[in-house]
1. Leaving out ligands and nucleic acids, and using a 1.4 Å probe, what accessible area per residue does the range 125-170 come to in Å²?
2. Less than 12 Å Cβ to Cβ from Glu163, Lys/Arg counted +1 and Asp/Glu -1: what total charge do the surrounding residues give?
3. Rounded to the nearest percent, how much of the accessible area of the range 64-162 (1.4 Å probe, protein heavy atoms only) is carbon and sulfur?
4. How much net charge surrounds Val105 when only other residues with a Cβ under 11 Å from its Cβ are counted (Lys, Arg +1; Asp, Glu -1)?
Amino acid sequence: MAALRSWLSRGVTSFFRYRQCVPLVANFKKHCFSQLIRPWHKTVAFGFGVTLCAVPIAQKSEPHSLSNDKLMRRAVSLVTDSTSTFLSQTTYALIEAITEYTKAVYTLISLYRQYTSLLGKMNSQEEDEVWQVIIGARVEMTSKQQEYLKLETTWMTAVGLSEMAAEAAYHTGADQASVTARSHIQLVKSQVQEVRQLCQKAETKLTEAQTAELLQKTQEDTDERAEPEPEAYLRED
């Protein structure tokens, strides 16, 4: 009997211990399940958010956002700046090319004048040598002229682009950009015109020097043909 009672006592104690452990295990399982479920919910939420980000959504216009007019004015201001820079570079190159051509013209003028002053004082060999120098200077002048004419075409294109940019700036409401571009166009045109006038003066002087050389040469030839006539007249007498 004592052994039976001891066995029953141990059984009851074990039963109550089991009843106490069951809630703990259940809570543990719920805790573990919730820990497993929680990342899954996070993953689903994150994936859904990424999916929404991938879908293009029309941006709502806000009062502080830039309007189309402002964006166009900003763009046309960049265009006027770019065309003005291009015009400045081509103007500088053109002025330099015209200046070099003008120098070549004055060099040829000097040679023509020296040649004219020496007519009748040189033998045929010396005259040929001087004339070869003149031909070389003329070739150099022609090369400089072709170079500046080529740059002049590019410069005129740059002027046209700047004028179109200024016109576009005016129509889009970028008044400051339009006024600045037009002022810059007038400035470079006046600079090129000044250099052209100096070049035209040099070309006029070259024409005068060539004319003087031709007249002097003609006079020398006439004098040479006229000299033997008195001798022939004396022989007949």
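The values are calculated or read from the model by the stated rules, or taken from the named source; none is laboratory data. Everything quoted here is computed from the prediction, not taken from an experiment. Don't worry about glycine lacking a Cβ; one is built from the backbone with ideal geometry, like all the others, and counts go over all protein chains shown. The protein model used for the area step is the full one, side chains on, heavy atoms only, and it has no ligands, DNA or RNA in it. Shrake-Rupley method; radii C 1.70, N 1.55, O 1.52, S 1.80 Å.
1. About 62 Å² of surface per residue is accessible.
2. Taking every other residue near Glu163 into account, the sum is +1.
3. Summing carbon and sulfur atoms, their accessible area is 56 percent of the total for the range 64-162.
4. Taking every other residue near Val105 into account, the sum is +2.
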